[in-house]
Amino acid sequence: MSSKKPIGGGRGARFAGEMDTAASALNASIAFDRRLLADDVRGSQAHARMLAAVGLIAAADADAIVAGLDQVAGEFARGERALDAALEDIHMNVESRLTALIGEPGRRLHTARSRNDQVATDLRLYARAAAAELASQIDQARVALCRQARKHAETLLPGYTHLQRAQAVTLGHHLMAYAEMLARDRGRLLDAARRAGQSPLGSGALAATSLSIDRAATAQALGFDGPTHNSLDAVSDRDFAAEIAFACALLGVHLSRLGEELVLWSTTEFGFVQLGEGYCSGSSLMPQKRNPDIAELLRAKPARVIGDVVTLLTISKGLTLAYNKDLQETQEPFYDAVETARVSLAVLPGLIASLEFNTERMHAAAQDPALGATDLAEELVRAGMPFREGHEIVGRLVRRAEEKNVSLRDLTADDLKLVDARLTPAVLKALDPARAVAARTVVGGPAPEAVRREVARLAAELEQLGFAV
Ligand code: ARG
């Protein structure tokens, strides 16, 4: 009987024929929504148990559905059975195979449900798991940064603004800057996951259902905080996907900054760092090359994720309530954002641990006495001078040193007197970078003492999360 046919693409009895082949290829989402297999099965199992609990299907039917779905999931996951593009999407593939396996109970599963609330539910489950997983990967990267920062709490290097040497800082402080960025990225992902915390299941195609289902029960079974509160909104908004993609894009922007610094620092010109062999590639032509491909890819990958965010927002803009098929197009950019963040984060702990810093070169670069100009001005402030005046005087000292073609540190007592009668050579001690950095102990400062404080704070947070730092 035609009504007993598997419901390919959800067309049912209303259609006499099949969809046009080219149209069907355009329409099918199975090539990418296969990622939802496990979430789709979980959602269906929760739905079936709820249907039995409220008496809409028999308990024995629910048992058959739950067990059948386990089998379907296993077959597809292990590749024993191929997903069928003619069945359009993951939802139809799962349901159709289920019905082939268990017969009539399978045909009861779609009671009080539409693929619209189903896919919205699957995507939120995917989003929440992805956010948690990315957060944990971020934590592993933070562990690696924390360890390197602890090791290099005292290592001096120039800090830069405009990529010009500015003031000496510590390498630990520099590395901990990335830990700060990652902490915010983690927070953004988990915030977005929290806002995706309501279950759309039971919203139906757009207008819920007249059958008395228990939405709170399915929400709870799936780990949501509760059900969504508007069926039209629940089936038609992908804001949670856009938020997570944005969090991935911004994370990527941060990783791209790290990537760029590693590329720059590993040049012969800088020579501040060597990346572990496992994170470099050679050249097929030039035998001496050691190329920082992985750092370059950390720099490049976010470009695509930024594009994913734009794609997601552009698809979503101007869509009328409620479901529109356009929403299917939000899936690929969403997966791409998550998966790109995942592969990028996966290299970080090993890459960071592999970094061998050339501390002597950094130290030598930090000896540049010009880096102490600000510290010298602050020394004059300590002696009671207004900062603007101190700034002015140091400016004149810098010019004097340039005229004589000597470093600030080599100015004589006469040079100092010439610039300002109150200056004695003792003020020049402020130019010593180690001393200058050690004095910047203020909260958020680069002094070794301040870095150790921040490292301890981060280590305590990570240990709370179960990591050994
Ligand atoms: N593959 C579809 C999507 O991702 C599932 C929902 C289909 N619903 C429909 N009314 N055609 O949006």
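The values are calculated or read from the model by the stated rules, or taken from the named source; none is laboratory data. On a predicted model such as this, the values are computed, not experimentally measured, just so you know. When we count neighbours, we look across all protein chains shown, and the Cβ atoms used for this are built from the backbone with ideal geometry, even at glycine. When the accessible area is computed, the model is the full protein with side chains, heavy atoms only, and any ligands, DNA or RNA have been set aside. Shrake-Rupley method; radii C 1.70, N 1.55, O 1.52, S 1.80 Å.
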note = Taking a straight Cα-to-Cα line shorter than 19 Å from LYS317, and setting aside same-chain aspartates and glutamates fewer than 8 residues away, one finds ASP233, ASP237, ASP239, GLU243, ASP308, ASP326, GLU329, GLU332
ask   = Which whole-number percentage describes the relative contact order of region 274-339, with Cα contacts under 8 Å and a sequence gap of 6 or more?
value = 25
inquiry  = Let's see if you can work this out: charge +1 on each Lys and Arg Cβ, -1 on each Asp and Glu Cβ, no other charges. What is the dipole magnitude of region 121-264 about its Cα centre, in debye to the nearest 20?
reply    = 420
inquiry  = Give me the dipole magnitude in Debye, nearest 20, for region 427-469 about the Cα centre, with unit charges on the beta carbon: positive for Lys and Arg, negative for Asp and Glu.
reply    = 240
note = accessible surface per residue for region 1-148, probe 1.4 Å, DNA/RNA/ligands not counted, whole Å² -> 44
query = Which percent, nearest 5, of DSSP beta bridges in the chain are antiparallel?
reply = 80
task = Please grab the % of Cα pairs in the chain that end up more than 40 Å from each other.
result = 42
Cleavage-rule hits (trypsin sites (Lys or Arg not before Pro)) in region 367-406: DSSP loop, at most 13 neighbouring Cβ within 10 angstrom = none
note = Cα-only Rg/Rh for region 254-387 with Kirkwood Rh rounds to 1.22
Low-density loop positions, trypsin sites (Lys or Arg not before Pro), region 302-358 - DSSP coil, at most 16 other Cβ in 10 Å = LYS317
ask   = Which is the longest run of the chain containing none of the GluC sites (Glu not before Pro) found in DSSP loop states (not H, G, I, E, B) with at most 16 other C-beta atoms within 10 Å?
value = 270-469
key: Rounded Å value of the spacing that divides the Cα centres of region 372-438 and region 440-462   = 29
query = Which residue, chosen from VAL419, VAL406, ALA25, occupies the Cα position most advanced towards the positive end of the dipole of the chain, where the dipole is computed from +1 (Lys, Arg) and -1 (Asp, Glu) charges on Cβ about the Cα centre?
reply = VAL419
remark   = Taking placed amide H atoms and a strict 5 Å upper bound, the residues 5 or more places from ALA166 or on another chain that come that close are GLY159, TYR160, THR161
query = For region 46-139, which whole-number percentage of the solvent-accessible area (1.4 Å probe, protein heavy atoms only) is attributable to carbon and sulfur atoms?
reply = 49
query = Which number comes out as Rg/Rh for region 144-268 once both Rg and the Kirkwood Rh are worked out on C-alpha atoms?
reply = 1.25
task = Go ahead and run the numbers for FRET between ARG290 and VAL406, Cβ-Cβ distance against an R0 of 56 Å, rounding to 0.05.
result = 0.90
query = Taking all protein chains as present, what is the carbon and sulfur share of the accessible area of region 268-336, in % to the nearest whole number, probe 1.4 Å?
reply = 56
